[in-house]
1. Which members of segment 20-51 meet the condition of being at pLDDT 95 or above and hydroxyl-bearing (Ser, Thr, Tyr)?
2. Can you pull out every residue in segment 40-53 that is under 11 Å from the mean Cα position of the chain (by Cα) and not hydrophobic (A, V, I, L, M, F, W, C)?
3. I need every pair where a residue in segment 40-66 that is closer than 19 Å to TYR25 by Cβ has its Cβ under 9 Å from the Cβ of a residue that is open to solvent by 60 Å² or more (accessible area, probe 1.4 Å) and among the β-branched types (Val, Ile, Thr), sequence separation at least 6 or different chains.
4. Taking the residues in segment 8-19 that are farther than 18 Å from LYS62 by Cβ and open to solvent by 70 Å² or more (accessible area, probe 1.4 Å) as candidates, determine which candidate is modelled with the highest pLDDT.
Amino acid sequence: RHEHEHDPVGPGVHGAECTVLPGRYVAKAKAEAKGWVRQYAGRTYWLCCAGCVPKFDAYPAKYAVA
């Protein structure tokens with residue numbers, strides 16, 4: 001089961017779209033506070049929830065977007 005703690009945040013300066021679950025947005029500050037941020041190929045990815053972190057870690061090239 002995939003647990004979520006989504007805040008109603010949209011795209012913009014303070015929000016980022018999760019690459020594991022496209023269409024789900026997370027506040028960058030919340031993702032950073034919870035450790036849901038990953039660096040890959042010189043880019044930063046903010047993930048929407050704790051459930052997305054191991055998925056991104058297992059297959060970062062699959063979820064990284066150009």
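1. Those that are at pLDDT 95 or above and hydroxyl-bearing (Ser, Thr, Tyr): TYR40, THR44, TYR45.
2. Selection gives THR44, TYR45, GLY51.
3. Final answer for the pair search is ARG43/VAL65; TYR45/VAL65.
4. HIS14
The values are calculated or read from the model by the stated rules, or taken from the named source; none is laboratory data. Keep in mind that this is a model prediction, so the values were computed, not measured. With ideal geometry, Cβ positions are generated from the backbone for all residues, glycine too; neighbour counts draw on all protein chains shown. Just so you know, the surface numbers come from the protein's heavy atoms only, side chains and all, with ligands and any DNA or RNA stripped out. Shrake-Rupley method; radii C 1.70, N 1.55, O 1.52, S 1.80 Å.
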